[in-house]
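Below: one structure, written as structure tokens.
The values are calculated or read from the model by the stated rules, or taken from the named source; none is laboratory data. If you're wondering where the values come from, they're calculated on a predicted model, not measured in any experiment. Cβ placement follows ideal geometry from the backbone for every residue including glycine, while neighbour counts extend to all protein chains displayed. These accessible areas exclude ligands, DNA and RNA; they are computed on the full protein's heavy atoms, side chains included. Shrake-Rupley method; radii C 1.70, N 1.55, O 1.52, S 1.80 Å.
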Amino acid sequence: MITKPAMQVIAALGITLALGACGGGSFFRGGGDAAREEALQQRVEETGSTDSIWDLFSGREDPSTVLTVNRYIWTASLEVLDFLPVEQVDPFSGVITTGFGTPPGGGRPYRATIAVTDAALDARSLNVALITRNGPASAETVRAVENAILTRARQIRIRELGL
């Protein structure tokens, strides 16, 4: 009959072996650089990526906490769409969500979601989604808002840098 402490040792050994097997077998090969390189190459061939589950526990900086939002586009978005009530702002993900509001001189209320996705002052860094109470706004309206935001962002940058 197996005692309780013996069962605990067997269970711990089983868990250790199972976790060691997750590392591509380097646990049994001595963990040399060649074994790691081989495991990395195999992972790239199988998945197309070098990421692994163990990257979650490494000391690397979390990319979701790094601020990669262009501040000129961010400020310009808030200025251009200042007639819309801001509902949610997340500068770390670069998302601004507004409620419904009517533009000055307009009769149709809009709601906007703005995503600033990059640190570059570039059109690719800005994504605008506009909806009305009847559905999505026209592509021309969205493009006009994007152009207004980008123009204002460039003006802010020129003013700030004294160009």
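Checked against (1) touching a strand residue (DSSP E or B) at 6+ places or on another chain (Cβ under 9 Å); (2) modelled with pLDDT of 95 or more; (3) farther than 12 Å from Trp74 by Cα, Thr151 passes all but condition (1). Of everything listed in (1) without any contact (Cβ under 8 Å) to a residue 40 or more places away in the chain; (2) assigned to a helix (DSSP H, G or I); (3) closer than 25 Å to Thr68 by Cα, the single unmet condition for Thr141 is (3). Look at (1) surrounded by 13 or more Cβ atoms within 10 Å (Cβ to Cβ); (2) hydrophobic (A, V, I, L, M, F, W, C); (3) within 20 Å of the chain's Cα centre (by Cα) and you find that Leu81 fails only one, number (3).
Yes or no, residue by residue, for (1) under 19 Å from the mean Cα position of the chain (by Cα); (2) aliphatic (A, V, I, L, M); (3) open to solvent by 30 Å² or more (accessible area, probe 1.4 Å):
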site	(1), (2), (3)
Arg71	yes, no, yes
Glu87	no, no, yes
Ser93	yes, no, yes
Thr98	no, no, no
Gly101	no, no, no
Pro104	no, no, yes
Val116	yes, yes, no
Leu121	yes, yes, yes
Val128	yes, yes, no
